[in-house]
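Accompanying notes for the structure given below.
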Amino acid sequence: MGSQKSRYTKSTGSTWAKVKSRIQRFNVVQKGALVLAICFGLITLFTYLGSVYYTVKHRNEELKIGATFIPNYARYFGLDPQETMDALINDIGFERFRLVSYWKDIEKTKGTYDFSELDWQFRKAEAAGVEVSLAIGLRQPRWPECHEPAWAKGRPIAEWKNDLYAFIAATVERYKDSPALESYQLENEFFMSVFGECPDFSRERLVEEYELVKRIDPDTKLTISRSNNWGGVPIGDPTPDQFGVAVYKRVWDKTLTKRYFEYPYPSWFYSSLAGYGELVTGKDMIIHELQTEAWLPEGYKMNNPDHIPEQNKSLDAKRLEKRIEYGVNTGIKTIDVWGVEWWYWRKVKAGDPSLWDTGKREIQKQLETRN
């Protein structure tokens, strides 16, 4: 036995000596490449361990798949918004919606609020027993991201900030007691200054808005979303009840390559973000925006039937199926998909039900096996 152990020790030592000798013969470039490979491997392992922690901790929680729904976007496609929302509830079977409260639409005239459109959306959600995550604040989903009314646009922030706060307060007061309300999403991707047409990114305003909402409705969850494909943990104030992350996989690169670009991240990259975020802040994370819509080059339109072949290069039915699977495979248990109005337009206006049928089939399949 002792002889076998001795031979094993000598063999191991000899192997390591050979490896060490070979490394010593590397030139500077080869040594640098080796160091980079080791660092990459350690970073990958560290990232993966965060994912394992998160998926194990949350594996017994129920999966929820919802959709962002925006009446203005349905109108862009020539759709009736109420009919569209009914189809999303009754045909696809969504149990959750992220709704918007655009300041520019609700307070077109300063001091006068018109909540009628948001009211019917809440009535539909309440009647169907589905939950609502309500976007509030200046920055909300869809271009131009910030949705200030015409009477505030272009004016100094100091002149309209209190008006914005009054609008947020009125919105929260109106819907805080709705049985459908599950959470608020405050200032969508607030710090993403490279995208959108927004006049202000001050953390002070975000903190003040957070404190305002919590004073009026301390019991409803409040979500703040981070940018999508960056690492790190959000640690600045305010700390919400949960974080949101956007997941975009295939986009058009208009800067360098002038072609479609697929982010190479495995699905567990996002559960790692959620895992380390939870370890540091104690807060969970949702996918507030899973890309299930085409991202087109400039000059192409989402509502033009002639541009469907180009749309399919970005997202077709097969990619949609894989995208929903990808979102579920992150291990994050609440997922809001993005672009369902486009699916419906392809079905009822363009005569192509492939996206609608695929989305319906895949979502129902995932929900049937969610436990």
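The values are calculated or read from the model by the stated rules, or taken from the named source; none is laboratory data. If you're wondering where the values come from, they're calculated on a predicted model, not measured in any experiment. Backbone-built Cβ (ideal geometry, glycine too); neighbour counts: all protein chains shown.
Remark: pairs (first residue in region 112-124, under 17 Å from Ala135 (Cβ atoms); second residue of a type in the set (S, T, N, Q) and surrounded by 13 or more Cβ atoms within 10 Å (Cβ to Cβ); Cβ separation under 6 Å; 6+ apart in sequence or on different chains) = Leu118/Ser101; Phe122/Ser178.
Residues that are closer than 20 Å to Lys124 by Cβ and either part of a loop (DSSP other than H, G, I, E, B) or not β-branched (Val, Ile, Thr) (or both) within region 161-182 comprise Arg174, Tyr175, Lys176, Asp177, Ser178, Pro179, Ala180, Leu181, Glu182, listed in sequence order. Only one residue in Val337, Val328 is more than 23 Å from Glu145 (Cα to Cα), of a type in the set (A, V, I, L, M, F, W, C) and at pLDDT 95 or above, so which one is that? Sole residue among the options that is more than 23 Å from Glu145 (Cα to Cα), of a type in the set (A, V, I, L, M, F, W, C) and at pLDDT 95 or above: Val328. In region 298-345, how many are among the β-branched types (Val, Ile, Thr), surrounded by fewer than 24 Cβ atoms within 10 Å (Cβ to Cβ) and more than 14 Å from the chain's Cα centre (by Cα)? Here the count works out to 1. I'd like to know if region 171-184 contains one or more residues that are surrounded by fewer than 22 Cβ atoms within 10 Å (Cβ to Cβ) and touching a Cys at 6+ places or on another chain (Cβ under 7 Å). No; the residues of region 171-184 include none that is surrounded by fewer than 22 Cβ atoms within 10 Å (Cβ to Cβ) and touching a Cys at 6+ places or on another chain (Cβ under 7 Å). When region 289-307 is filtered for residues that are touching a helix residue (DSSP H, G or I) at 6+ places or on another chain (Cβ under 6 Å) and without any contact (Cβ under 8 Å) to a residue 40 or more places away in the chain, the ones remaining, listed by number, are Tyr300, Lys301.
Residues of region 115-135 that are touching an Asp or Glu at 6+ places or on another chain (Cβ under 8 Å) and more than 13 Å from Ser178 (Cβ to Cβ): Glu117 alone. Looking only at residues of region 218-264 that are among the β-branched types (Val, Ile, Thr) and either assigned to a strand (DSSP E or B) or surrounded by 11 or more Cβ atoms within 10 Å (Cβ to Cβ) (or both), we find that the one that is modelled with the lowest pLDDT is Val233.
Is it true that Glu189 is in a loop (DSSP other than H, G, I, E, B), surrounded by 19 or more Cβ atoms within 10 Å (Cβ to Cβ) and among the acidic types (Asp, Glu)?
When the stated conditions are applied, Glu189 passes them.
Checked against the criterion of being within 25 Å of Ser183 (Cα to Cα) and assigned to a helix (DSSP H, G or I), the candidates Lys347, Lys360 yield just one match: Lys360.
Of all the residues that make up region 265-281, how many are assigned to a helix (DSSP H, G or I) and either among the polar types (S, T, N, Q) or surrounded by fewer than 19 Cβ atoms within 10 Å (Cβ to Cβ) (or both)? Give the steps one after another, and end with the answer.
Residues of region 265-281 assigned to a helix (DSSP H, G or I): 268-281.
Narrowing the set further to residues that are either among the polar types (S, T, N, Q) or surrounded by fewer than 19 Cβ atoms within 10 Å (Cβ to Cβ) (or both) leaves 271-272, 279-281.
The qualifying residues number 5.
Within region 73-96, can one find any residue that is out of contact with any Lys or Arg (no Cβ under 9 Å at 6 or more places or on another chain) and small (Gly, Ala, Ser)? Scanning region 73-96 turns up at least one residue that is out of contact with any Lys or Arg (no Cβ under 9 Å at 6 or more places or on another chain) and small (Gly, Ala, Ser).
Residues to consider are Glu362, Glu278; find the one that is of a type in the set (D, E, K, R) and either closer than 30 Å to Glu83 by Cα or without any contact (Cβ under 8 Å) to a residue 40 or more places away in the chain (or both).
Glu362 is the lone residue from the list that is of a type in the set (D, E, K, R) and either closer than 30 Å to Glu83 by Cα or without any contact (Cβ under 8 Å) to a residue 40 or more places away in the chain (or both).
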